[in-house]
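The values are calculated or read from the model by the stated rules, or taken from the named source; none is laboratory data. Being a predicted model, the structure only gives us computed values, none of them experimental. Ideal geometry is used to build each Cβ from the backbone, glycine not excepted, and the neighbour counts take in all protein chains shown.
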Amino acid sequence: MKRLLAVASLGFMIAAVGIEPAHAGDDVATTIVADQGPVTVNGQPVELRFHVRDAAGRPVPGALVRLFVPVEFMGETKNAIVGEGTTNDGGSAVIRFAPAQTGQVVGTLAFWGSTGYAPSEATVTFDIQKPVYAYDPAPMGLQAWWARSYLILVPFAVIWAIYLLLLWLVVRVRRAGAAASAPSDIAATS
């Protein structure tokens with residue numbers, strides 16, 4: 001009942017003041033246009049130029065646009081924001097990001113809307129290739145499968161060996177001390 005009264009009083013106040021609530025349909029439609037088609041990247045950061053325009057083709061300044069790409073993490077693929085850019089007075093902006101995977105990636109440019117402008121999206125395709133080197137870089141780190149999997153056990157084995165050695169020494173010292181301090185049979189009989 002209280003909720004109904006609150007909504008009714010809010011509606012009455014809006015009608016009395018003459019303010020109409022904003023509707024999503026009142027916002028001007030926008031479009032995002034990327035400057036290039038599919039981009040081929042060879043180990044370099046991606047530089048994506050785009051424009052945001054309204055329905056009449058006028059630039060939309062100050063529009064924050066985010067670039068989403070699918071990212072796999074722990075067996076699940078989700079869209080992650082890899083870059084964002086805000087349009088200038090001409091409605092143009094640049095997003096730079098360093099791709100982490102190779103292959104064809106379909107990204108999404110998303111403008112979530114702002115005051116007076118409706119949200120919009122556009123897709124961009126990247127063909128990300130492995131960098132080409134004049135030579136193959138030498139592998140770094142441990143390359144043998146057994147070294148990577150069993151090497152972690154070495155520090156634990158060394159620590160436990162030292163612990164057991166110290167324990168053995170403490171037991172020997174206690175036994176030696178106990179034998180030295182034991183009363184002799186001669187002293188006990190006199």
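Of all the listed residues (Val52, Val60, Val33), the sole one being within 30 Å of Gln129 (Cβ to Cβ), in contact with a Lys or Arg (Cβ under 9 Å, 6 or more places away or on another chain) and modelled with pLDDT of 80 or more is Val33.
When you check Gly25 against the structure, is it at pLDDT below 85, over 15 Å from Ala118 (Cα atoms) and surrounded by fewer than 18 Cβ atoms within 10 Å (Cβ to Cβ), yes or no? Considered against the rule, which asks whether it is at pLDDT below 85, over 15 Å from Ala118 (Cα atoms) and surrounded by fewer than 18 Cβ atoms within 10 Å (Cβ to Cβ), Gly25 comes out as no.
Please list, ordered by residue number, the strands (runs of 3 or more DSSP E) wholly in segment 75-136 having 2 or more residues that are over 24 Å from Ala29 (Cα atoms) and among the hydrophobic types (A, V, I, L, M, F, W, C).
Where strands (runs of 3 or more DSSP E) fall fully within segment 75-136 and carry at least 2 residues being over 24 Å from Ala29 (Cα atoms) and among the hydrophobic types (A, V, I, L, M, F, W, C), they are 76-86, 120-129.
Taking segment 86-118 as the range and being more than 12 Å from Phe50 (Cβ to Cβ), of a type outside the set (Phe, Trp, Tyr), surrounded by 13 or more Cβ atoms within 10 Å (Cβ to Cβ) and more than 24 Å from the chain's Cα centre (by Cα) as the test, the residues that pass are Ser114, Ala118. Listed by first and then second residue, the pairs with beta-carbon distance under 8 Å, at least 6 apart or on different chains, first residue in segment 86-103 and within 14 Å of Phe126 (Cα to Cα) and of a type in the set (Gly, Ala, Ser), second at pLDDT below 85 and surrounded by 12 or more Cβ atoms within 10 Å (Cβ to Cβ), are Ala98/Val46; Ala100/Val71; Gly103/Asp127; Gly103/Ile128.
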